[in-house]
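The next block holds one structure in the form of structure tokens; read it before the comments.
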Amino acid sequence: MIQTIVTPQKGSLDISVLLPDEYIGKQLRVLIYRDEEVDTVTTSTIAKKKPSDYFGTLSVEEGDRMHDYVANSRKEWERDI
């Protein structure tokens with residue numbers, strides 16, 4: 001990822017980016033926004049989420065696999081070393 005911060009001093013701004021070889025031929029995403037927009041969007045989006053908003057994002061099988069993994073990890077804590 002390449003990130004930089006610029007402050008335009010006039011009405012138009014030309015931006016050039018020197019890309020690493022591994023970026024050539026790949027689809028790239030370019031975003032331009034004000035720094036204060038990031039804080040506003042991030043905090044307002046996070047604040048509006050409730051646990052119930054995530055209901056159904058995991059399948060029952062995925063949930064069971066995660067539960068088994070955690071249970072097995074806890075068993076390892078209790079063994080004598």
### Summary
Rounded to the nearest 10 degrees, the helix 35-48 long axis (Cα) sits at an angle to the longest Cα principal axis of the chain of 30
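Given 25 °C and 0.890 mPa s, how large is the Stokes-Einstein diffusion coefficient of the chain in µm²/s, with Rh as the Kirkwood radius over Cα pairs? Before the final figure, lay out each step's value.
Values: Rh = 18.8 Å.
For these conditions, the coefficient is 131 µm²/s.
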### Task
Return one whole number: the accessible area per residue of the chain in Å², for a 1.4 Å probe.
108
### Query
Just how large is the dipole of the chain about the Cα centre, in debye to the nearest 20, putting +1 at every Lys and Arg Cβ and -1 at every Asp and Glu Cβ?
260
### Summary
Rounded to one decimal in nm, the spacing of the 7 Å Cα→Cβ label points at D53 and I32 is 3.0
### Message
If you roll a 1.4 angstrom probe over the protein chains with everything in place, what fraction of the accessible area of the chain belongs to carbon and sulfur, to the nearest %?
### Response
55
### Message
Which one, L18, N72, L31, is farthest towards the positive end of the dipole of the chain when Lys and Arg carry +1 and Asp and Glu -1 on their Cβ?
### Response
L31
### Between helix 60-78 and the chain: long-axis angle, C-alpha atoms, 0 to 90°, nearest 10
70
## Note on the structure
Helix-only [θ] at 222 nm, the chain, -39500 (n - 2.57) per DSSP H run of 4+, per residue, nearest 500, equals -13500 deg cm²/dmol
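The values are calculated or read from the model by the stated rules, or taken from the named source; none is laboratory data. Note that the structure is a prediction, hence the values are computed from the model and not measured. Every residue, glycine as well, gets a Cβ built from its backbone with ideal geometry; the counts of neighbours run over all protein chains shown. The area values use the complete protein model at the heavy-atom level, side chains included, leaving out ligands, DNA and RNA. Shrake-Rupley method; radii C 1.70, N 1.55, O 1.52, S 1.80 Å.
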